[in-house]
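Nothing in this text is a laboratory measurement; each read-out follows from the coordinates by a stated rule. Everything numeric here is computed off the predicted structure, so don't read it as measured data. Glycine also receives a Cβ, built like all others from the backbone with ideal geometry; neighbour counts cover every protein chain displayed.
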């Protein structure tokens with residue numbers, strides 16, 4: 001009797017949590033929202049780091065967008081090391097335009113300047129996270145990192161993704177899966 005083939009587990013819409021022994025300094029204590037994961041690779045945004053000292057207001061000024069809404073609390077996140085000059089907005093699905101990629105029923109991703117204009121004018125999505133750059137993995141690369149005990153996964157939720165408390169996001173993501181920090185090991189298990 002032939003063995004059943006195991007279908008690949010794709011992680012689109014999930015959160016990746018860097019294990020404490022993450023060897024890549026760019027992802028130590030990172031929480032990454034996975035925007036796409038399939039046989040060709042994976043793409044996600046780090047949701048718990050800011051992009052240096054750049055502000056949303058200065059970014060709008062560079063793009064010659066003149067805000068008419070309140071933007072004082074908007075921050076620019078470090079989305080990852082790939083294409084750090086590219087802006088991406090992870091947001092709620094109450095704002096869908098041409099060029100918007102639906103990640104799931106509740107979350108979308110838009111990389112056009114139109115969403116920045118809408119946010120600056122106070123008519124953007126209810127929840128949003130602006131990031132410069134993204135995290136990217138080639139075919140099988142993320143799967144290999146997970147098998148090497150580099151990442152944990154957990155279901156995403158709106159509060160964890162979009163709230164402003166970046167300092168505790170990693171701990172709160174781990175707490176969602178019921179794991180205590182002292183129990184985590186950087187070593188992969190062997191039978």
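For segment 15-116, the square roots of the Cα gyration tensor eigenvalues, ordered a ≥ b ≥ c, give a/c of at least 1.5 with a/b no greater than b/c, which places it in the oblate category.
Semi-axes of the equivalent ellipsoid of the chain are 31, 19, 15 Å, computed as sqrt(5λ) over the eigenvalues of the C-alpha gyration tensor in descending order.
Note on the chain: with a GNM built from Cα contacts shorter than 10 Å, the maximum mean-square fluctuation among 140, 13, 80 falls on 140. Calculated mean residue ellipticity, 222 nm, the chain: -4500 deg cm²/dmol, from DSSP H runs (n ≥ 4) at -39500 (n - 2.57) each, averaged per residue and rounded to 500.
Counting every other Cβ atom within 10 Å of each residue's Cβ, 137, 151 order from fewest to most as 137, 151. The mean sequence separation of alpha-carbon pairs under 8 Å and at least six residues apart, normalised by the residue count of the chain, gives a relative contact order of 28 percent.
Stretching residue 97 away from residue 53 to a fully extended chain increases their span by 12.9 nm, per 0.36 nm per residue minus the current alpha-carbon distance. Relative contact order of segment 13-91: what whole-number percent is it, with Cα pairs under 8 angstrom and at least 6 residues apart? In percent, rounded to a whole number, it is 24. The slack in the chain from residue 153 to residue 61, taken as 0.36 nm per residue of separation less the alpha-carbon distance, amounts to 29.4 nm. In this label model, residue 179 and residue 28 are separated by 1.8 nm, measuring between points 7 Å along each Cα→Cβ vector.
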